[in-house]
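Read the structure below first, then the notes.
Values in this text are rule-based calculations from the coordinates and carry no lab data. Please read these numbers as outputs of a predicted model, since none were measured by experiment. Here the Cβ positions follow ideal geometry from the backbone for every residue, glycine too, while neighbour counts run over all protein chains shown.
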Amino acid sequence: MSKICLIGVGRMGEPICTRLVAAGHHVHAYDIRPERREAILACGARYADTALVAATSAEVLITVLPGPAEAAAAVDDSVLAALAPGAIWIDMTSNTAADARAGWDRAVAHGVATLEAPIGGSPKDAAEGRLRLYTGGDTVHLERCRPLLDVLSDRVTHMGGHGTGYTTKLLVNLLWFTHAVATAETLLIGHRAGIDLTSLTRALAGGPASSAFMHDHLPGLLTGDYLTGFGLDRIVDQLTAITSQAERLGSPHPLAAAVRALHQEALESYGPAGGELAAVALLEELAGLRLRLPS
């Protein structure tokens, strides 16, 4: 059992907190929003009114935050200094190597080890311990944390050194959003051409161009579910981060740039709360046609 400081108890952090407590860990949790206090207590964790209080003498620091800016703001020198000697920081934020580097350097200066483990999956996956974790960092640190990570995930994949886990998560998201808009565009063309939508979706899902998106999320879209639990502004941030990285690397990325531009247009049309399939809604609006199966 470990004393864990958990910073960030939102849609993903809450079920993570619950599982850590259920596994017997002593979790001291903090969220910048005071109204999360009752949710933290309901998880069985100790509520801390500051990150510093939560971090005091903790052996493990876990951050589950919306993005790089929040992670950088939450973990300052005082938080790192308050951790127990030999502590480790596991960042589960959708971060980038460039944004995380200053935090890594501060952690090293305080004798704190670091491991990145950005999350793939939903709150339901988190509650069931079925998250996908793309880890980056020293294998020694990964093996040290594996028993704890196994409480949360049935798919812990080590991608390499620092930065590789963050980049893998961004690439996975890029490909998922590409599949989503490509599938919607294909269906809109086929539907406009007079093909029955039920027959078309069955043919695509059973053919060589099938994808996890078609099997896992397209059925929901066809009933009007645009997956609004995650903000469109965060999606654009992530797509911008990976296309910017491609630019720095000199890697061609015309398709990624087009996907990012479409989501930017959706953000300008619908605002930050549009959801993960807001770009699909924009395509439907431009086509004057909704992708819906008959009820």
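Charging the Cβ of each Asp and Glu at -1 and of each Lys and Arg at +1, and nothing else, the dipole of the chain about its Cα centre rounds to 460 debye. Compared with the dominant Cα axis of the chain, that is its longest principal axis, helix 232-249 is turned about 80°. Here is the short version for the chain: CYS5, CYS145 have no other Cys C-beta closer than 4.7 Å. Using equal-weight Cα scatterers in the Debye expression, the normalised intensity of the stretch 100-254 in log10 at q = 0.13 Å⁻¹ is -0.78.
Label sites at ARG290 and ASP49, each approximated as a point 7 angstrom past Cα along Cα to Cβ, lie 4.8 nm apart.
The ranking of TRP89, TRP176 by Cβ neighbour count inside 10 Å, starting from the fewest, reads TRP176, TRP89. Using the alpha carbons alone, the radius of gyration of the chain stands to its Kirkwood radius in an Rg to Rh ratio of 1.01.
Going by neighbour counts of Cβ atoms within 10 Å, the residues MET159, MET92, MET12 line up, fewest first, as MET159, MET12, MET92. A crude spin-label estimate for the pair ASP216 and LEU249, with each label 7 Å from Cα along the Cβ direction, gives 2.2 nm.
What the Cα atoms of the stretch 167-287 give is an Rg and a Dmax of 14.5, 44 Å.
Taking the Kirkwood radius as Rh and the Cα radius of gyration as Rg, the stretch 201-245 has a ratio of Rg/Rh equal to 1.11. Convex hull volume per residue, computed on the Cα atoms of the stretch 17-142, equals 108 Å³. Taking Cα atoms only, the orientation of helix 254-270 departs from the longest principal axis of the chain by about 90 degrees.
Both radii are taken from the alpha-carbon atoms of the stretch 160-203; with Rh as the Kirkwood radius, Rg/Rh is 1.30. For the stretch 131-183, the calculated P(r), taken from all Cα-Cα distances in 10 Å bins from zero up to the bin holding the longest distance, is 25, 45, 22, 8, 0 percent. Multiplying the residue separation of ALA102 and ILE189 by 0.36 nm and removing their Cα-Cα distance gives an extension gain of 26.6 nm. Note on THR240 and VAL140: the extension gain reaches 32.8 nm, defined as 0.36 nm multiplied by sequence separation minus the Cα-Cα distance. Extension gain, GLU38 to ALA22: 0.36 nm times the residue separation minus the Cα-Cα distance gives 4.0 nm.
Fewest-first ordering of LYS169, LYS124, LYS3 by other beta carbons within 10 Å of each residue's beta carbon gives LYS124, LYS3, LYS169.
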